[in-house]
Amino acid sequence: MTFNAEKLLVTYRPPATKSMPADGRKYTLTHSDATGELFLGIGTSYDKGSINPQLRDEFLAEWEPRLGQFLLSGNVYISSGEFDENISRVRYMVFKKEIPTALEAIIYGDRVFFQHFPWLVDSPIYVTFESVFPEFNKIMYYGTPRQYMGGKKKMNV
């Protein structure tokens, strides 16, 4: 999927604002297959009400302090055993392909935040794939927010 800013709907969940907080700032990104719209919730907790418990196709991310710097820690759910290995493989491949679009949506959707914290544009992004199957249970590096600004999401992962 290609990111389309016109199809992104952003909701700030108090006490989060466009500029605060940095530590513990959480993103919940969901989508509609029917309309192609992306829904981004920004808050201090995940928007669990927007997550479809049957599909589990959301992308979650959070700013975390680690070893003196902030990193953006993402998470996708592959399987806890309710999906067989073949379905889990498909889910893993789809998520792996769509994460750059998800990151572009988050970075674009929260662009005012980066004006207040410009040093975060060079922070590392790591995404955890959660699965009971070892080949899909991993943590992958996805560059920095700078790579997802202005349509510059050209990277090999």
- Query: In region 118-135, is there at least one residue being of a type in the set (D, E), over 13 Å from W63 (Cβ atoms) and loosely packed, with under 14 Cβ neighbours inside 10 Å?
  - Reply: yes
- Message: Restricting to region 101-123, give me the number of residues that are touching a helix residue (DSSP H, G or I) at 6+ places or on another chain (Cβ under 7 Å) and not aromatic (F, W, Y).
- Response: 7
- Query: From the list A22, A34, A16, which residue is touching a helix residue (DSSP H, G or I) at 6+ places or on another chain (Cβ under 8 Å) and part of a loop (DSSP other than H, G, I, E, B)?
  - Reply: A22
- Hey, E58 touching a residue at least 24 places away in the same chain (Cβ under 8 Å) and either open to solvent by 40 Å² or more (accessible area, probe 1.4 Å) or of a type in the set (S, T, Y) (or both) or not: no
- Flag for R89 being surrounded by 12 or more Cβ atoms within 10 Å (Cβ to Cβ), basic (K, R) and at pLDDT 95 or above: yes
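The values are calculated or read from the model by the stated rules, or taken from the named source; none is laboratory data. Just so you know, these numbers come straight off a predicted model, no measurement behind them. Counting neighbours? That spans all protein chains shown, and the Cβs are built from the backbone with ideal geometry, glycine included. Each accessible area value is taken on the protein alone, full model and side chains, heavy atoms only, with ligands, DNA and RNA left out. Shrake-Rupley method; radii C 1.70, N 1.55, O 1.52, S 1.80 Å.
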